[in-house]
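Structure, as structure tokens:
The values are calculated or read from the model by the stated rules, or taken from the named source; none is laboratory data. Please read all numbers here as calculations on a predicted model, not as lab measurements. Don't worry about glycine lacking a Cβ; one is built from the backbone with ideal geometry, like all the others, and counts go over all protein chains shown.
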Amino acid sequence: MAEALTNSELDFLRSVLDLARSGDTVRLVEAVDAGVPVNLTGGTGDSLLILAAYHDHPDTVRALLDRGADTARVNDRGQTALGAAVFRRSRESTAALLAAGADPALGGRSALDIARFFDLPEMLALLTAER
């Protein structure tokens, strides 16, 4: 049986999630390179990549992808990093995620669903373009 994390360890991991939210790419990359899992996930299933995409930090998204972040992670609400990037209308993050193999149809609220629901023709064109 695994040992429970201490409060200070949990606080540290929460601070790493905050680095993704705030787009502090340098410090986040240092933490990942030092051993924090690149697919670290918070209590609602949001991975570092989902948080970076949702908060519109394309440089952070690319850095996480460069370190092997999983584009197929789905949070507790059925959302993916690609869906978050589409919702934020981030062409840069969307393009980076697609180039890394993100599936536009993945999730209960897929990137395609989001583009259609919010009538985002530019995002829909990115998602459906032949690669």
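Residues are listed down the side, and each one gets a yes or a no for (1) aromatic (Phe, Trp, Tyr); (2) touching an Asp or Glu at 6+ places or on another chain (Cβ under 9 Å); (3) assigned to a helix (DSSP H, G or I):
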position	(1), (2), (3)
SER8	no, no, yes
ASP18	no, yes, yes
ALA31	no, no, yes
PRO37	no, no, no
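Any residue that is part of a helix (DSSP H, G or I), in contact with a Pro (Cβ under 9 Å, 6 or more places away or on another chain) and under 20 Å from GLU122 (Cβ atoms) - is there at least one of those in the stretch 51-61?
There is no residue in the stretch 51-61 that is part of a helix (DSSP H, G or I), in contact with a Pro (Cβ under 9 Å, 6 or more places away or on another chain) and under 20 Å from GLU122 (Cβ atoms).
As an exercise: evaluate ARG73 against (1) of a type outside the set (A, V, I, L, M, F, W, C); (2) surrounded by 14 or more Cβ atoms within 10 Å (Cβ to Cβ); (3) part of a helix (DSSP H, G or I) and give the number of the one condition it does not meet.
(3)
Quick one: would you say ARG77 is over 13 Å from the mean Cα position of the chain (by Cα) and under 19 Å from ARG21 (Cα atoms)?
yes
Pick from ALA100, ALA95, ALA63: which is farther than 17 Å from THR25 by Cα, surrounded by 14 or more Cβ atoms within 10 Å (Cβ to Cβ) and touching a Ser or Thr at 6+ places or on another chain (Cβ under 6 Å)?
That would be ALA100, the only listed residue that is farther than 17 Å from THR25 by Cα, surrounded by 14 or more Cβ atoms within 10 Å (Cβ to Cβ) and touching a Ser or Thr at 6+ places or on another chain (Cβ under 6 Å).
A quick yes/no check of all residues on (1) loosely packed, with under 15 Cβ neighbours inside 10 Å; (2) out of contact with any Lys or Arg (no Cβ under 7 Å at 6 or more places or on another chain); (3) at pLDDT 95 or above:
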{"residue": "LEU10", "(1), (2), (3)": "yes, yes, no"}
{"residue": "VAL16", "(1), (2), (3)": "no, yes, yes"}
{"residue": "ALA20", "(1), (2), (3)": "no, yes, yes"}
{"residue": "GLY23", "(1), (2), (3)": "no, yes, yes"}
{"residue": "LEU28", "(1), (2), (3)": "no, yes, yes"}
{"residue": "ALA34", "(1), (2), (3)": "yes, yes, yes"}
{"residue": "LEU40", "(1), (2), (3)": "no, yes, yes"}
{"residue": "GLY43", "(1), (2), (3)": "yes, yes, no"}
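Which count do you get for residues in the stretch 20-29 that are assigned to a helix (DSSP H, G or I) and either touching a residue at least 40 places away in the same chain (Cβ under 8 Å) or at positive phi (or both)?
Selection size over the stretch 20-29: 1.
Can you run down the residue pairs with Cβ atoms below 6 Å, 6 or more apart or on separate chains, where the first is in the stretch 53-74 and basic (Lys, Arg) and the partner is buried (at least 17 other Cβ atoms within 10 Å of the Cβ) and in a loop (DSSP other than H, G, I, E, B)?
ARG67/VAL38
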